[in-house]
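Structure record follows, encoded as structure tokens.
The values are calculated or read from the model by the stated rules, or taken from the named source; none is laboratory data. Given the structure is predicted, the values throughout are model-derived calculations rather than measurements. Glycine gets a Cβ as well: all are built from the backbone with ideal geometry, and neighbour counts include every protein chain shown. With ligands, DNA and RNA removed, areas are computed over all heavy atoms of the protein, side chains included. Shrake-Rupley method; radii C 1.70, N 1.55, O 1.52, S 1.80 Å.
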Amino acid sequence: MKLASLKDGRDGRLVVVSKDLQRYLPAEQATLQAALDDWATARPSLEDLARRVDAGEGEAFDEASCDSPLPRAYQWADGSAYVNHVELVRKARGAEMPATFWTDPLMYQGGSDSFLGPRENIPMADEAWGIDFEAEIVVVTDDVPMGVSATDALNHIQLVMLVNDVSLRNLIPGELAKGFGFFQSKPSSAFSPVAVTPDELGDAWRDGKLHLPLLSALNGEPFGRPDAGIDMTFHFGQLIAHAAKSRPLCAGCIIGSGTISNKLDDGPGKPIADGGVGYSCIAEIRTIETINYGKPSTSFMQFGDRIRIEMNDADGASIFGSIDQVVEKYEGP
């Protein structure tokens with residue numbers, strides 16, 4: 001089953017989308033959050049609509065008319081499950097990585113009150129902030145009890161999406177130096193037009209991981225295609241359990257994987273043009289350039305740059321639709 005939120009007020013209008021992303025039918029529930037709040041009751045009616053829209057009913061679906069599936073959420077917590085990425089970033093700045101990073105997930109609490117739509121531009125006031133994209137996988141939960149086990153947490157995953165977790169790299173060091181985490185360096189994120197139930201992913205969804213390449217293109221050129229199921233140190237059940245260690249999570253909580261990152265022959269990856277699978281953010285290629293050559297040569301995003309993020313199934317068809325955004329100059333309110 002595939003769900004989307006058409007632009008309509010603050011929280012969108014929930015629709016059920018066909019598998020091929022060509023048609024939609026309006027849902028009985030007004031919003032995705034309303035459906036998640038009563039998921040056991042809502043799901044059967046949504047599945048009935050899914051069968052009908054896949055049989056040919058419905059109106060034409062346009063990804064550009066979508067908000068993020070949850071235009072705002074009660075919780076957005078992003079992990080860093082691909083520890084290879086963390087290790088590279090720390091190595092580039094000469095910092096040793098604590099051994100606990102391999103056993104205890106990193107996670108930060110992001111702003112969830114103002115997500116961007118998947119086709120909305122990224123407004124930024126200053127290129128000097130170090131504008132970067134981050135291509136990731138996220139899951140959406142139902143109500144999760146405090147202290148849930150990693151195994152049981154997998155049963156609370158109801159939807160899967162993609163995200164562009166925008167980062168302002170040049171603001172991060174100053175914030176981390178304060179010892180209180182990210183805030184200004186993490187502006188509004190954007191999610192894929194469509195959220196899908198795990199069963200929709202077939203064999204690609206197993207062991208709490210999504211085993212397919214995540215594709216990103218920067219200014220029309222392939223930038224990354226790492227496999228999201230490889231080198232993921234912590235699966236989504238472990239990430240959810242980490243988030244719920246000392247608090248329950250309410251329905252509609254979004255948990256992110258962190259930047260997708262693959263090793264190559266147990267070492268840093270390579271650009272696609274050099275035979276590698278590339279990267280899911282600019283920061284990673286900059287760290288590798290720093291390690292190899294002493295300084296980075298790839299610039300962060302500038303005004304007018306475009307990033308496209310999507311994932312295809314085994315037959316090459318888009319699963320979630322695409323995040324397609326341009327960085328634009330923010331002129332103020």
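Restricted to strands (runs of 3 or more DSSP E) entirely inside region 164-270, those with at least 3 residues that are in contact (Cβ under 8 Å) with a residue 60 or more places away in the chain and open to solvent by 10 Å² or more (accessible area, probe 1.4 Å) are 215-218. Of the residues making up region 195-244, those that are of a type in the set (Asp, Glu), touching a strand residue (DSSP E or B) at 6+ places or on another chain (Cβ under 6 Å) and under 22 Å from residue 69 (Cα atoms) number 0. Looking at 60, 40, 64, 73, just one residue is over 27 Å from residue 313 (Cα atoms), open to solvent by 30 Å² or more (accessible area, probe 1.4 Å), aliphatic (A, V, I, L, M) and at pLDDT 95 or above, and that residue is 40. In this structure, does residue 288 turn out to be open to solvent by less than 30 Å² (accessible area, probe 1.4 Å) and either within 27 Å of residue 194 (Cα to Cα) or assigned to a loop (DSSP other than H, G, I, E, B) (or both)? Spelling it out, it is not the case that residue 288 is open to solvent by less than 30 Å² (accessible area, probe 1.4 Å) and either within 27 Å of residue 194 (Cα to Cα) or assigned to a loop (DSSP other than H, G, I, E, B) (or both). Of the residues making up region 7-28, those that are open to solvent by less than 80 Å² (accessible area, probe 1.4 Å), touching a helix residue (DSSP H, G or I) at 6+ places or on another chain (Cβ under 8 Å) and farther than 21 Å from residue 200 by Cα are 11, 12. Of all residues in region 297-305, none are in contact (Cβ under 8 Å) with a residue 40 or more places away in the chain, assigned to a helix (DSSP H, G or I), touching a helix residue (DSSP H, G or I) at 6+ places or on another chain (Cβ under 6 Å) and not hydrophobic (A, V, I, L, M, F, W, C). I'm checking my understanding of the structure. Among residues of region 99-113 that are open to solvent by less than 60 Å² (accessible area, probe 1.4 Å) and out of contact with any helix residue (DSSP H, G or I) (no Cβ under 7 Å at 6 or more places or on another chain), which one is nearest to residue 7 (Cα to Cα)? Among those that are open to solvent by less than 60 Å² (accessible area, probe 1.4 Å) and out of contact with any helix residue (DSSP H, G or I) (no Cβ under 7 Å at 6 or more places or on another chain), it is 112.
For region 43-54, the candidate set comprises residues that are farther than 21 Å from residue 11 by Cα and without any contact (Cβ under 8 Å) to a residue 40 or more places away in the chain; within that set, the residue that is surrounded by the most Cβ atoms within 10 Å (Cβ to Cβ) is 53. Here residue 126 meets the list (1) touching a residue at least 40 places away in the same chain (Cβ under 8 Å); (2) open to solvent by 10 Å² or more (accessible area, probe 1.4 Å) almost entirely, failing just condition (1).
Residues checked against (1) among the small types (Gly, Ala, Ser); (2) in contact with a Pro (Cβ under 6 Å, 6 or more places away or on another chain); (3) under 23 Å from residue 21 (Cβ atoms):
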site	(1), (2), (3)
186	no, no, no
194	no, no, yes
221	no, no, no
233	no, no, no
236	no, no, no
240	no, no, no
245	no, no, no
251	yes, no, no
272	no, yes, no
